[in-house]
1. Among the numbered criteria (1) in contact (Cβ under 8 Å) with a residue 12 or more places away in the chain; (2) surrounded by fewer than 23 Cβ atoms within 10 Å (Cβ to Cβ); (3) within 11 Å of RNA strand B (Cβ to nearest atom), which single criterion is violated by residue A:287?
2. Which of the residues that make up the stretch A:290-304 are within 19 Å of residue A:152 (Cα to Cα) and either near RNA strand B (Cβ under 7 Å from one of its atoms) or without any contact (Cβ under 8 Å) to a residue 24 or more places away in the chain (or both)?
3. Regarding the stretch A:320-333, can at least one residue be identified that is β-branched (Val, Ile, Thr), under 30 Å from residue A:390 (Cβ atoms), buried (at least 19 other Cβ atoms within 10 Å of the Cβ) and more than 10 Å from RNA strand B (Cβ to nearest atom)?
4. Which of the numbered conditions does residue A:307 fail, given that it passes all the others? Conditions: (1) outside the structural domain of residue A:134 (by TED's automatic domain parsing); (2) touching a strand residue (DSSP E or B) at 6+ places or on another chain (Cβ under 8 Å); (3) within 16 Å of RNA strand B (Cβ to nearest atom).
5. Please enumerate the residues belonging to the stretch A:63-76 that are exposed (fewer than 13 other Cβ atoms within 10 Å of the Cβ) and within 27 Å of residue A:253 (Cα to Cα).
6. For the stretch A:52-63, does any single residue satisfy the condition of being farther than 27 Å from residue A:141 by Cβ and at pLDDT 95 or above?
7. Working carefully through the options A:375, A:368, A:410, find the one that is modelled with pLDDT under 95 and surrounded by 13 or more Cβ atoms within 10 Å (Cβ to Cβ).
8. Looking at (1) touching a residue at least 24 places away in the same chain (Cβ under 8 Å); (2) out of contact with any Phe, Trp or Tyr (no Cβ under 8 Å at 6 or more places or on another chain), find the lone condition where residue A:261 falls short.
Amino acid sequence: MPIQKPKGTYDILPEKAFQRNFLEKKVREIFNTFNYSEIRTPAFEKTELFKRGIGEETDIVSKEMYTFKNDEFTLKPEMTAPVIRAYIEYNLGNESPLQKLFYICNMFRRERPQAGRFREFSQFGAESIGSSDPYADAEMIMLADTIIRGFGIKDSVIKINTIGGAEEREIFFKEFKNYLSAYLNELSPDSQRRFVINPLRILDSKNPRDREILNDAPVLYQFLNESTKKNFESILLILNENGIMFETDYMLVRGFDYYTSTTFEFLSDRLGAQNALLGGGRYDMLVQQLGGKPTPAIGFAAGIERILMIMEADNLLPVKNDFPKLFIASIGEESKKFSFKLLETLRKKGVKCETDFLGRSLKSQMKEANRINAEYVVVIGDEELKSNSVMLKKMSDGSEVKVTDTDNLENYLK
RNA sequence: GCGAGCAUAGCUCAGUUGGCAGAGCGUCAGAUUGUGGUUCUGAAUGUCGCGGGUUCGAGCCCCGUUGUUCGCCCCA
C-alpha cells in the first residue's frame, strides 16, 4: 500500500500553487498599503499558551489540538495567541504604542474534514495592538473588506456585533439562563450542553426549536454599559461614513474566550455548511491575560481555502501562465552540447528557457515546446553549428528569423 | 466524538438479471528519415481501495476495514 497524505491535509500541485501565490501577493500588497508589517512565529508553541489564550473549555483546546512531547507543545491552532506572545516577549509595546502586524500561515486543528474545513489549513490575518479607538475597529474591518473586495468577491456579507466585557456578560448570563431554564428540556441536546459550558453559543444554534425559544430571550446588547454601546455606535457610524455595507447581528457570537466588545464576520452562503470567510474582533484582555501590560487590541483571521473556494467558483483565479520564453531543440550529440551551453548562458541572463532531456526526436521536441507553451523555439543541428547562426521560430504564428548573433539571442526574444 | 454517501486507467466517469476490464480527455509513438498546434493511425497504463464471505463464476451481492466526500458539533 502506497503511503497517502494524512486525513484533512492537501497537496498544493503547481497549478494551485500558482493561484495561492497570486492570492498571497495581493494580500501582502493590501496589508502593506494599510501599513501592517509581517510577523512569523513557530509552527508550534507551549501548550499552555493556547490553554490560557483561547480558553480551556473551547472545543479547540479541549479536543482539537495536535499536542506532543508529554503535552508540552502544540501545533498552533490559531495565530492571535502566538502573535500576542511574541508582542509581550519582545516588548513590542515599548517600541511603539501601536503595533500593526499581519501574518499568512498554516494552522492545525484535529477536526473532521468537511467542505471548507481541513486539519492543516491556511489563514491570513491582522492584529492591531495598542488602540481602543473606534477608528482602530473601523480600520480593521475596512482592511478586511478591502482584501475581500479586492479579490472580486461580491456576495460576502459583513455582520457586526458587540459582546461587551466579562462583567457585562455575567449579568446577561444570569437573566439568559434564568429565561432558558424554563425551556431546558425543549432545547436541543447540544444547547443543553452549551447551557452549562458556554451559554453564549446557544445564540448561535441552528436548531429550529432553539431559534424559536431564542426569539423571546433577553438580548445581550441590552445588558451592556452605556459606554460600550456608545463605542459600538461610533464604530458603526465611521463604517457608514466610509461607505462600508454591513449588518448588525446581536446573535453573532464567536468561539474563543478572548473576545470582548466588537466582533465581526464576513459570511458567504456558498461555503457548504461553513459560512464564515473571515472572522475577528476585539480582545482587550488577552495581552494582560498572557502576562503583558493591559493593552487593547483587535484583529481578524481569514480562511484561505474558503476564499479560494469562492474565487474558484466565480472564476476569479488566474490560470498558470508563466511559460518559458524559449525552447532549444537539438539534433545529435554535438548540437546537444552547444544547446546546453546556450541554455545556461540565457538562464544566467534571466531568460526562462528549456531544452530536451529525454533524447527525443525533433518532432517530439517541437511537440514538447508547444505543450509547455514556449514562446520561441530554436533548432540546433549540424547546419547551425557550421554556419554559426540559428532560425528563431515564433510559435504563435510560425514565423522565423535568422539570428547570427547567437551570443545575444535574448535580444531577439521580444 | 456522531450520522450518511462514494471508492473502476494519470484525470472525468460508463460498466446491463452476477458471465472476457471499457470510453472520453491526457500521455507516448508514427503518418517516407530537420519543425509544433488541426487531422488520421497505433501503443502503454488497472491487485476494479484492502480483507473475508456467498456463488460453477463477483467490479456488481453480503460482512468487515481503510480512504474519501458531505452533514452534526465547532470554526477560518
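1. So the condition that residue A:287 fails would be (3).
2. A:301, A:302, A:303
3. yes
4. That leaves (1) as the condition not met.
5. Of everything in the stretch A:63-76, just one residue is exposed (fewer than 13 other Cβ atoms within 10 Å of the Cβ) and within 27 Å of residue A:253 (Cα to Cα), namely A:63.
6. No, the stretch A:52-63 contains no residue that is farther than 27 Å from residue A:141 by Cβ and at pLDDT 95 or above.
7. Answer to the check: A:410.
8. (2)
The values are calculated or read from the model by the stated rules, or taken from the named source; none is laboratory data. Small disclaimer: the values here were computed from a predicted structure and weren't measured. Note: ideal-geometry Cβ built from the backbone for every residue, glycine included; neighbour counts use all protein chains shown.
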